[in-house]
Amino acid sequence: MTPRRILTPIVLALFGAATALTAPAFAAGPSPTVDASATMAATVRAQVARMSLTDKVEQMFVTYAYGTSANAEDATDVAENRALYGNDVDNGADLLAKYHLGGIIYFAWSNVLTDPQQIATLSNGLQTAALANSAGVPVQISTDQEGGIVNRIGAPAAVSPGNMALGATADPLNAYRAASVSGAELRAMGINMDDAPVVDVNTNPQNSADGPRSFGDRPLAVAADAAAAITGYQQAGVAAQAKHFPGLGDTTVNTDNGVAVNNETKAQIMATDIPPFQAAIAAGARSIMAAHIVAPALDPSGLPASLSEPIVTGLLRNTLHYNGVVITDSLAAGALASIPQSQVMLDAINAGDDELLMPTDLPSAIQTVLDAVQAGTISVARIDQSVTRILTMKAAEGLFTNPYTTAAAVTATVGTPAHLNTMAAIDAKSITLVRNNSHVLPLASTRTPHVLVTGWGVSTTQSVADSLTGKGFTVQHLWTGSPSAATISAAVTAAQANDVTVVLTENAWGDTTQQSLVNALLAAGKPVVVASVGGPYDLSYFPSAPTYVAAYGYQPGSLTALVNTLTGTNPTGKLPVTIPNAAGTATLAPYGTGLHY
């Protein structure tokens, strides 16, 4: 079956989902037979019945361990693990032997994700440790491989463009193709869940939580891409996790750092933020992440959504009819800093969450839940409900039959030419030419041979400079970062000595020094090409820029596509958002803008 035939019923279904409060009964991919579903349910019931209360409670926790292998012996890793989990926990295998956790999440800083074979060996070691403990349940292994600016595993893996880049292609098939590749590669490395996609509708240009992590600012377009991506991941054998319910699109605060509030009305939330989650449910998303955002219109108590019974159980479970796994965002987030962690655990479970992500003190968190069950504050039936959902998800992923991967699978799957070509083709389709008023683009070495490359990102600007050099230009590279007045003056002097300046920006809306640099270069009198490598909203702060290109990311694939577009590849991307002026009172570039040569 072709990807378009796979996606057509999803896209049709989500239009119904977006206009109703009940999700359509649709599951991505082939539905299991009645016999298969009954067998799976029986397997899960039997497994739950064999588990002790402690096993069940521990299955609700997801956290991390330091080390490049399950039995890591590096002194620094051992010290980190002991500080977190006790002196008898040296590594991931010890952690799973002591606490029979439901999941392990990978980060570059904790697992030092060096290469695909190392990751696969780590994954297999963790599965062996999980199956050897008394619970005997395979472990959920996940990572935030969103693509674009949130990407835990780089080359030689095929890195996906970010969501906003995918949205800029204006074709959900590209979200499906990218997720299919990422899903296949993750599963080959032993990772069975991707903590993706972000399905928030980015309606606030100053959103520090989402920005280019979002597919765009139109609910139905985001919903279509969300459904497509979820289908791609899960058909590749990896559980997808739609996040961050009920939506972080209209906030400026990242909940990792502080309290975020959505002041939209309930009608606005239901019309704007909820449709992509309905589409995710319709597409069969196996997990949804509850955000720590406060939404007074949905719960006037002031509790974050992740701890809110009206939002998790009332809206997500009862109104949207979602019965998959709900996981909290990180419990170490700044948004929860004022709430005692013991209370966070109880509120999360009472809200309806199944998995508790990265508590600040795992041993204490587990004991808090056990004590609550013993005291009757939380019922055993409530714990069983969550554990049943978690084990059902693992069974659906095939983890009870084969949780392992092989070195051969890594070699045959990760970073193949076909996968790299798929991602490169999507990157090429995403680059958006927003303005070309002076017809400076495309650049030609015969017309503008001397080019200054400057602006944000030392490796990013260097990469663009090297690529332009390779195309025959004489390039001067001057990285500025967040520049001082002296650095801005040096950049202006350099610009005057060159034929054209390419200046890169990244979230310049939040950095007045980047704004000052670009405006000074524009005032210098020489041609300037402004290229944003984060969200496309930077144009709001240098609205007189006559030449503006949006790349949506700074991964190598995005930069290659950007340079190719600057030098002649005809751009085809379209803005998946509207760019307002800085005051928000007028539109500088409407949704769908996309020029061609």
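The values are calculated or read from the model by the stated rules, or taken from the named source; none is laboratory data. Model, not experiment: these values are computed from the prediction. For neighbour counting, all protein chains shown are included, and Cβ atoms are generated from backbone atoms with ideal geometry for every residue, glycine included. Accessible surface areas use protein heavy atoms only, side chains included; no ligands, DNA or RNA. Shrake-Rupley method; radii C 1.70, N 1.55, O 1.52, S 1.80 Å.
Residue check: Gly352 meets all listed conditions (1) touching a helix residue (DSSP H, G or I) at 6+ places or on another chain (Cβ under 9 Å); (2) buried (at least 20 other Cβ atoms within 10 Å of the Cβ); (3) on the phi < 0 side of the Ramachandran plot but one, namely (3). Taking the listed residues Val62, Val57, Val89, the one that is of a type in the set (A, V, I, L, M), out of contact with any helix residue (DSSP H, G or I) (no Cβ under 6 Å at 6 or more places or on another chain) and crowded, with 17+ Cβ neighbours inside 10 Å is Val62, with no other qualifying.
Return the only residue of Thr413, Thr422 being modelled with pLDDT of 95 or more, touching a Lys or Arg at 6+ places or on another chain (Cβ under 6 Å) and under 30 Å from Thr169 (Cα atoms).
Of Thr413, Thr422, the one residue that is modelled with pLDDT of 95 or more, touching a Lys or Arg at 6+ places or on another chain (Cβ under 6 Å) and under 30 Å from Thr169 (Cα atoms) is Thr422.
Residues that are surrounded by fewer than 24 Cβ atoms within 10 Å (Cβ to Cβ), out of contact with any Gly (no Cβ under 6 Å at 6 or more places or on another chain) and at negative phi within region 564-574 comprise Asn564, Thr567, Thr569, Asn570, Thr572, listed in sequence order.
Residue count for region 407-439 satisfying the condition of being on the phi < 0 side of the Ramachandran plot, part of a loop (DSSP other than H, G, I, E, B) and out of contact with any helix residue (DSSP H, G or I) (no Cβ under 8 Å at 6 or more places or on another chain): 3.
Within region 463-483, count every residue that is in contact (Cβ under 8 Å) with a residue 60 or more places away in the chain and at positive phi. Quick ask: steps written out before the conclusion?
Initially, region 463-483 is screened for residues in contact (Cβ under 8 Å) with a residue 60 or more places away in the chain, giving 463-464, 467-468, 471.
Still in the list and also at positive phi: none.
Total satisfying the criteria: 0.
Looking for something open to solvent by 20 Å² or more (accessible area, probe 1.4 Å), modelled with pLDDT of 95 or more, over 30 Å from Tyr591 (Cβ atoms) and among the aliphatic types (A, V, I, L, M) - is there at least one such residue anywhere in region 428-440? Among the residues of region 428-440, not one is open to solvent by 20 Å² or more (accessible area, probe 1.4 Å), modelled with pLDDT of 95 or more, over 30 Å from Tyr591 (Cβ atoms) and among the aliphatic types (A, V, I, L, M), which makes the answer no.
Within region 131-156, residues that are without any contact (Cβ under 8 Å) to a residue 40 or more places away in the chain have Cβ atoms under 6 Å from residues that are open to solvent by 10 Å² or more (accessible area, probe 1.4 Å) in these pairs: Asn133/Ala97; Asn133/His100, counting only partners at least 6 apart in sequence or on another chain. One residue alone among Ala157, Ala79, Ala170 is surrounded by 24 or more Cβ atoms within 10 Å (Cβ to Cβ) and hydrophobic (A, V, I, L, M, F, W, C), and that residue is Ala157.
Within region 543-562, the set of residues being surrounded by fewer than 24 Cβ atoms within 10 Å (Cβ to Cβ) and in a helix (DSSP H, G or I) comprises Pro556, Thr560.
Residues are listed down the side, and each one gets a yes or a no for (1) within 27 Å of Gln59 (Cβ to Cβ); (2) in contact with a Cys (Cβ under 7 Å, 6 or more places away or on another chain); (3) open to solvent by less than 10 Å² (accessible area, probe 1.4 Å); (4) among the aliphatic types (A, V, I, L, M):
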| site | (1), (2), (3), (4) |
| --- | --- |
| Gly258 | no, no, no, no |
| Ile269 | no, no, yes, yes |
| Pro304 | yes, no, yes, no |
| Pro310 | yes, no, no, no |
| Gly324 | yes, no, no, no |
| Ser330 | yes, no, no, no |
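Please specify each residue of region 93-137 satisfying the condition of being at pLDDT below 95, open to solvent by 50 Å² or more (accessible area, probe 1.4 Å) and of a type in the set (S, T, N, Q). Result: Thr114, Ser134.
Taking first residues from region 55-82 that are modelled with pLDDT of 95 or more and partners that are in a loop (DSSP other than H, G, I, E, B) and of a type in the set (Ser, Thr, Tyr), the Cβ contacts under 6 Å between residues at least 6 apart in sequence or on separate chains come to Glu58/Tyr99; Asp77/Tyr66; Glu80/Tyr66; Asn81/Tyr66. Taking the numbered list (1) open to solvent by less than 20 Å² (accessible area, probe 1.4 Å); (2) not in a loop (DSSP other than H, G, I, E, B) in turn, Ala221 passes all entries but (1). Applying the selection to region 95-108, what residues are within 23 Å of Met345 (Cβ to Cβ) and either of a type outside the set (Lys, Arg) or in contact (Cβ under 8 Å) with a residue 24 or more places away in the chain (or both)? Within region 95-108, Leu95, Leu96, Ala97, Tyr99, His100, Leu101, Gly102, Gly103, Ile104, Ile105, Phe107 qualify. Answer with yes or no whether Asp427 is farther than 30 Å from Gly167 by Cα and of a type in the set (Asp, Glu). For Asp427, the condition - farther than 30 Å from Gly167 by Cα and of a type in the set (Asp, Glu) - is not met. Each residue in region 492-542 was checked for being in a helix (DSSP H, G or I), surrounded by fewer than 23 Cβ atoms within 10 Å (Cβ to Cβ) and without any contact (Cβ under 8 Å) to a residue 60 or more places away in the chain, and 13 pass.
Would you kindly identify the helices (runs of 4 or more DSSP H) lying entirely within region 333-406 that contain at least 1 residues that are among the hydroxyl-bearing types (Ser, Thr, Tyr) and under 16 Å from Asp55 (Cβ atoms)?
Working: elements: 341-351, 362-375, 380-396.
In region 333-406, the matching helices (runs of 4 or more DSSP H) lie at 380-396.
Could you please let me know if Ala178 is of a type outside the set (Ser, Thr, Tyr) and buried (at least 24 other Cβ atoms within 10 Å of the Cβ)? For Ala178, the condition - of a type outside the set (Ser, Thr, Tyr) and buried (at least 24 other Cβ atoms within 10 Å of the Cβ) - is met. Checking each residue in region 47-66 for being farther than 17 Å from Ala132 by Cβ and either under 26 Å from the mean Cα position of the chain (by Cα) or of a type in the set (Asp, Glu) (or both) picks out Met60, Phe61, Val62, Thr63, Tyr64, Tyr66. Each residue in region 224-254 was checked for being buried (at least 24 other Cβ atoms within 10 Å of the Cβ), hydrophobic (A, V, I, L, M, F, W, C) and either modelled with pLDDT under 95 or in a loop (DSSP other than H, G, I, E, B) (or both), and 2 of them qualify.
Quick check on my filter: what residues within region 255-277 are of a type in the set (A, V, I, L, M), outside any loop (DSSP other than H, G, I, E, B) and at pLDDT 95 or above?
Applying the first criterion (of a type in the set (A, V, I, L, M)) to region 255-277 yields 259-261, 267, 269-271, 274.
Restricting the remaining residues to those that are outside any loop (DSSP other than H, G, I, E, B) gives 261, 267, 269-271.
Ala267, Ile269, Met270, Ala271 - these are the residues of region 255-277 that are of a type in the set (A, V, I, L, M), outside any loop (DSSP other than H, G, I, E, B) and at pLDDT 95 or above.
Being of a type in the set (Val, Ile, Thr) and without any contact (Cβ under 8 Å) to a residue 40 or more places away in the chain is the filter here, so list the residues in region 345-379 that pass it.
First, pick out the residues of region 345-379 that are of a type in the set (Val, Ile, Thr): 349, 360, 366, 368-369, 373, 377-378.
Answer for region 345-379, where residues must be of a type in the set (Val, Ile, Thr) and without any contact (Cβ under 8 Å) to a residue 40 or more places away in the chain: Thr360, Thr368, Thr377, Ile378.
For every residue, the table says whether it meets (1) without any contact (Cβ under 8 Å) to a residue 60 or more places away in the chain; (2) within 30 Å of Phe61 (Cβ to Cβ); (3) open to solvent by less than 40 Å² (accessible area, probe 1.4 Å).
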position: Thr388; (1), (2), (3): no, yes, no
position: Phe400; (1), (2), (3): no, yes, no
position: Val410; (1), (2), (3): no, yes, yes
position: Val458; (1), (2), (3): yes, no, no
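How many of the residues making up region 444-456 are part of a loop (DSSP other than H, G, I, E, B) and under 22 Å from Gln555 (Cβ atoms)? Spell out how you get there, then give the answer.
So in region 444-456, the residues part of a loop (DSSP other than H, G, I, E, B) come out as 444-449, 456.
Okay, now just the ones that are also under 22 Å from Gln555 (Cβ atoms), so 456.
Summing the residues that are part of a loop (DSSP other than H, G, I, E, B) and under 22 Å from Gln555 (Cβ atoms) in region 444-456 gives 1.
For Val453, the conditions (1) touching a Leu at 6+ places or on another chain (Cβ under 6 Å); (2) surrounded by 19 or more Cβ atoms within 10 Å (Cβ to Cβ) all hold with the exception of (1).
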